[in-house]
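The values are calculated or read from the model by the stated rules, or taken from the named source; none is laboratory data. Note that this is a predicted model, so its numbers are computed, not measured. Note that we place each Cβ from the backbone using ideal geometry, even for glycine, and neighbour counts take in every protein chain shown.
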Amino acid sequence: MMNALAETTDLNHNRPGNGKAPMKFTFAPESKPLDGFTIKRAIQRGAFGEVYYALSDAGKEVALKLVQQNMDVELRGVSQCLNLKHPNLVTIFDLKTDSDGDHWVVMEYVAGRSLDQHLRDYPNGAPIEKTKEWMTGIAAGIAYLHDRGIVHRDLKPANIYCENDLIKIGDVGLSKYISPSRRSAHTQSVGTVYYMAPEIAHGRYGREVDVYSLAIMLYEMLTGHVPFEGETTGEILMKHLSVKPDLDPIPEALRPVLARALEKDPQQRTSNVPQLEREFHQAVSGQPIPKEIPAAAFVSRDVNQAAKQPGTDGWRKGKSCFKGKHASWAKHSKPKCLRDVAGNLKQKVGDIPVNYQTPEWWKNKDNLPRRIGGWLRTAAPFLIVAAIFIPGLFFGLLRAVFVSGIFGALAYGTFRIAQSGVNYIASLFSNKSTVAANANGFLNAAGNAGAVATGHNETATPELASKPSNVDVPPPTPKVVPPPVVRPVSRTVGLSTPINRQISLRTRVTELSGSMVLAVFCTLIITAGLLAAGILTSATAAGVFGLTALIGSWAVMAPTKIWEGTTVDPFVKRLTLLGLGVVVGACGFWLDQVLMFNFVGDQASYQGAFHSFGPHMLVDAARQPTLMAYVLFFGCLFFLRSWWRHTDSFRMRRLRVSSLALTALLGYVISQVWSFPVEWAMTWAITVSSIVQISSVWIPQDERSKYLGGQTHA
Amino acid sequence: MTDQANQPDGSRSLLWIDGVGTYLVCTGDQVSIGGPTAEQRAADISLLANLSRIHATICRRGDGYFIEAHSPTKVSGRDVIERTDLNDGYEIGLSDTVRLRFRLPSVLSASARLEFLSVHRPGLSVDGIVLMGDTCLLGPGETNHILCHDWPDAVLLFRRDGQLWCKSRMDLFLGDRHIQDGSPIENGDIITGPELRFRFEAI
């Protein structure tokens with residue numbers, strides 16, 4: 001990662017419209033550092049050295065690349081590529097050393113424009129016909145490299161040229177030879193970060209990195225901008241690692257293609273470049289591409305379902321389904337039938353080794369946390385009420401909760417590890433995995449056959465989960481999937497499974513505005529209560545406390561209402577909330593200053609491990625929290641809690657006391673790390689959590705089904 | 001009229017521009033275009049293409065240009081009979097295969113640019129041809145004859161007393177000498193400036 005960060009030199013160099021490279025070069029025109037060649041002009045400064053246009057004594061045009069950094073790696077890479085021949089690769093003629101001992105790569109000179117320049121012409125995306133041409137050429141060159149065991153690793157628009165309608169991939173010298181032992185050995189990062197696959201941060205350079213880079217370029221050709229932009233290298237890398245690409249600007253047919261090719265996990269990603277190219281062309285030409293859900297996802301469900309129906313002979317059922325109506329295959333029955341076969345196959349095999357039996361208590365293990373939660377819920381209201389009115393008891397209790405929380409978490413963690421261990425061993429015994437994989441392969445093959453047999457243009461049902469492939473292409477090799485740990489589907493329509501629901505904008509706005517108004521009343525009541533209980537000692541304190549809590553609650557309710565019913569990446573949610581938390585913190589500080597409030601904090605109020613954040617003090621000379629303290633506290637509070645679960649209409653209960661307690665605990669923990677008045681930290685946390693939960697719309701369990709549009713939940 | 005072409009009279013030069021490309025600058029009022037030939041006299045612009053030795057001639061008269069066809073030539077898809085005027089954006093077709101685009105990038109200058117639309121080039125990889133009147137502008141922006149995206153400002157080449165001069169608002173150096181208010185440039189001169197460098201070569 002650090003190496004990746006170090007590679008910042010050409011961050012701006014290859015951005016369309018931002019291509020500034022310093023034009024200072026070592027060699028002047030007409031100089032002859034290499035015997036037999038005259039440098040005529042400099043072409044560019046790449047990440048790995050200067051490139052010149054030169055003429056041989058006889059007048060042959062060449063590109064000369066002076067190798068400056070990472071010398072041995074570069075040279076090893078180049079020497080491996082010396083004899084590659086492909087029309088879509090820039091040919092390397094030779095590798096030479098000059099009298100000063102500097103190394104030069106003598107390459108074919110490509111006169112055409114780079115893809116980078118091409119993209120500059122189309123700030124809103126290039127025409128699809130052009131994109132197809134680029135795609136075909138790049139894919140052919142990369143497929144050739146991959147077939148020779150070489151990964152390019154540095155695919156980017158500045159490296160790819162089009163000369164006389166022929167696509168040429170340059171900088172092949174940076175490629176690395178893959179052998180299993182060295183697959184992860186080269187830890188230094190190359191490549192411009194915009195096009196860099198996430199696993200490069202971990203020093204992994206499989207062929208998948210080229211698939212990823214190509215997909216990023218495809219995205220850029222289609223939209224005119226890269227999916228992950230940022231101000232710094234670190235920011236972009238972080239996005240590669242954690243943020244899902246926004247596929248909205250992409251034509252709909254291409255979205256699944258790009259989604260697969262931009263998978264963070266190289267194992268999940270489109271496995272090779274020809275496949276990506278094929279899928280791209282199919283999507284562009286309007287051929288249906290089955291929408292894919294990772295194979296593991298549906299298999300596990302089927303195993304689960306099959307297991308739930310003891311006595312059904314799945315295999316026979318499946319067979320009859322095959323024998324029966326061929327015509328019905330093509331339609332909706334197909335995936336179901338096939339999945340039944342696959343699932344039942346597994347069940348069949350799973351039945352064979354009967355030696356291993358799971359103990360009864362182990363099967364019920366998932367009830368354990370639920371029961372604990374039950375006790376907690378019963379006790380918690382008393383604790384909280386007592387705590388709010390007896391401050392001393394409050395902190396004593398919280399400390400107890402904190403300590404027991406840590407031990408509890410440790411114990412639970414150990415429990416889960418042991419559990420997955422036992423599951424794994426169980427799976428080894430039952431030897432399900434290989435057969436499961438065979439079933440997958442079989443399923444895929446059958447899925448393809450079905451598509452061939454019917455050839456109709458109906459869009460595949462979302463459940464259909466076969467790999468897209470052509471008629472003449474053999475089905476993808478089945479991968480050995482470890483048996484997934486089957487977790488029971490949530491017992492109610494709760495929040496442990498994210499539920500996709502259609503919520504109209506109007507509903508969202510109405511509900512949100514209603515909640516926000518309700519939040520005002522909640523805040524008033526709670527603040528008045530705290531004032532009456534003597535926890536807030538003055539009207540000023542109540543003002544700062546109440547207004548900040550209200551702003552905080554609004555800041556939580558607004559985005560979470562937008563996210564409700566959608567599957568937004570939790571990390572994105574957290575980052576958004578972090579930003580909002582920072583704003584709320586700033587507002588709090590501003591109110592503190594405007595209302596001229598003074599924390600009457602004694603020494604004990606500030607117990608944090610850190611009294612400063614970098615150069616910023618958290619406590620000022622008057623023993624008041626600083627802006628940074630506010631921002632840190634609210635930022636952490638908002639970032640660390642899954643606030644969207646507080647506001648979802650489908651949450652377990654309107655007000656979950658355990659959730660309040662956890663939020664208060666979090667407030668306490670944060671104030672123990674970054675110094676912030678402890679009492680205020682916890683009171684704010686618990687108040688925001690209460691307001692948010694009480695004010696947000698809650699739909700009782702039994703009314704939920706009508707909001708789901710016929711979706712059924714086990 | 002074409003017999004005067006291809007003399008080593010300084011009417012043609014190459015600009016080798018770092019990071020930008022190689023441009024052929026023709027300063028004559030008449031510039032001939034033709035195919036490769038083993039004979040001494042090739043056209044001013046000798047393309048590796050299936051063309052006559054002198055296939056057509058582009059002439060500048062005042063602020064305007066016209067093309068004289070000596071062999072089958074089209075302008076914007078229409079056959080040229082003897083001669084026809086050239087305007088900004090016209091496509092010149094020579095013998096069915098070669099296609100060039102005629103551009104007049106700046107209304108303030110009589111200089112024109114020829115862009116290659118087909119794959120045909122001179123023996124060297126030239127990125128464009130400038131038919132230079134009195135001035136030739138190099139710089140960022142579409143109104144320059146030679147587009148240099150990353151340059152901070154433009155450089156002006158102009159003719160004075162039969163010689164080519166160079167000046168710019170930027171600090172330019174000819175070798176180690178600072179150029180103030182322009183300086184004549186000669187074969188082999190290297191002009192450097194902030195973020196830029198090019199070499200002038202008369203051919």
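Is it the case that residue A:538 is assigned by TED's automatic domain parsing to the domain that holds residue A:699 and surrounded by 17 or more Cβ atoms within 10 Å (Cβ to Cβ)?
Considered against the rule, which asks whether it is assigned by TED's automatic domain parsing to the domain that holds residue A:699 and surrounded by 17 or more Cβ atoms within 10 Å (Cβ to Cβ), residue A:538 comes out as no.
Checking residue B:106 against (1) at pLDDT below 90; (2) outside any loop (DSSP other than H, G, I, E, B), which test does it fail?
Tallying (1) at pLDDT below 90; (2) outside any loop (DSSP other than H, G, I, E, B), residue B:106 fails exactly one: (2).
Any idea which of (1) among the small types (Gly, Ala, Ser); (2) free of Cβ contacts under 8 Å to residues at least 24 places away in the same chain; (3) in a helix (DSSP H, G or I) is the one residue A:659 doesn't satisfy?
So residue A:659 meets the others, but not (2).
Is at least one residue of segment B:77-91 in contact (Cβ under 8 Å) with a residue 40 or more places away in the chain and within 30 Å of residue B:161 (Cα to Cα)?
No, every residue in segment B:77-91 fails to be in contact (Cβ under 8 Å) with a residue 40 or more places away in the chain and within 30 Å of residue B:161 (Cα to Cα).
Could you tell me how many of the residues in segment A:97-117 are hydroxyl-bearing (Ser, Thr, Tyr), assigned to a strand (DSSP E or B) and within 14 Å of chain B (Cβ to nearest Cβ)?
1
With respect to residue A:552, is the statement that it is touching a residue at least 60 places away in the same chain (Cβ under 8 Å), crowded, with 18+ Cβ neighbours inside 10 Å and closer than 14 Å to residue A:697 by Cα true?
So residue A:552 fails the test.
Search segment A:75-96 for residues being assigned to a loop (DSSP other than H, G, I, E, B) and without any contact (Cβ under 8 Å) to a residue 40 or more places away in the chain, and hand back the single one that is surrounded by the fewest Cβ atoms within 10 Å (Cβ to Cβ).
Ranking the candidates gives A:85 first.
Tell me yes or no: at least one residue of segment A:650-660 is in contact with a Lys or Arg (Cβ under 7 Å, 6 or more places away or on another chain) and among the charged types (D, E, K, R).
yes
For segment A:254-275, what are the residues that are small (Gly, Ala, Ser) and closer than 19 Å to residue A:223 by Cβ?
A:259, A:261
From A:215, A:253, which residue is surrounded by fewer than 22 Cβ atoms within 10 Å (Cβ to Cβ) and either farther than 20 Å from residue A:152 by Cβ or at pLDDT 90 or above (or both)?
After applying the criteria, what remains is A:253.
Quick check on my filter: what residues within segment A:114-133 are of a type outside the set (A, V, I, L, M) and in contact with a strand residue (DSSP E or B) (Cβ under 6 Å, 6 or more places away or on another chain)?
A:114
Restricting to segment B:149-182, name every residue that is more than 14 Å from every other protein chain (Cβ to nearest Cβ), in contact with a Cys (Cβ under 8 Å, 6 or more places away or on another chain) and either farther than 14 Å from residue B:135 by Cα or charged (D, E, K, R) (or both).
B:179
Which one of these is of a type in the set (Asp, Glu) and under 31 Å from the mean Cα position of the chain (by Cα): A:592, A:648, A:620, A:702? Quick ask: steps written out before the conclusion?
Details: A:592 fails: under 31 Å from the mean Cα position of the chain (by Cα); A:620 fails: under 31 Å from the mean Cα position of the chain (by Cα); A:702 fails: under 31 Å from the mean Cα position of the chain (by Cα).
Answer to the check: A:648.
Residue A:650 - would you say it is part of a loop (DSSP other than H, G, I, E, B) and under 30 Å from residue A:568 (Cβ atoms)?
yes
Mind checking which residues of segment A:114-157 are hydrophobic (A, V, I, L, M, F, W, C) and surrounded by fewer than 16 Cβ atoms within 10 Å (Cβ to Cβ)?
Across segment A:114-157, the qualifying residue is only A:128.
Of the residues that sit in segment A:24-55 and are small (Gly, Ala, Ser), within 12 Å of another protein chain (Cβ to nearest Cβ) and in a strand (DSSP E or B), which one is nearest to residue B:125 (Cα to Cα)?
A:54
Under the condition of being among the acidic types (Asp, Glu) and more than 29 Å from the chain's Cα centre (by Cα), which residue from segment A:105-139 is farthest from residue A:88 (Cα to Cα)?
Looking at the filtered set, the residue picked out is A:121.
If residue B:97 satisfies every condition in (1) within 14 Å of another protein chain (Cβ to nearest Cβ); (2) under 30 Å from residue B:189 (Cα atoms); (3) surrounded by fewer than 21 Cβ atoms within 10 Å (Cβ to Cβ) but one, which is the exception?
(2)
Here's the yes/no breakdown for (1) within 29 Å of the chain's Cα centre (by Cα); (2) within 17 Å of residue A:550 (Cβ to Cβ); (3) surrounded by 17 or more Cβ atoms within 10 Å (Cβ to Cβ); (4) at pLDDT 85 or above:
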residue	(1), (2), (3), (4)
A:659	yes, no, yes, yes
A:665	yes, no, yes, yes
A:671	no, no, yes, yes
A:711	yes, no, no, no
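Taking the stated definitions as given, is residue B:22 over 16 Å from the mean Cα position of the chain (by Cα) and of a type in the set (S, T, N, Q)?
In short, no.
Between residues in segment B:108-135 that are within 11 Å of chain A (Cβ to nearest Cβ) and residues that are part of a loop (DSSP other than H, G, I, E, B) and aromatic (Phe, Trp, Tyr), which pairs lie under 9 Å by C-beta distance while being six or more apart or on different chains?
B:125/A:109
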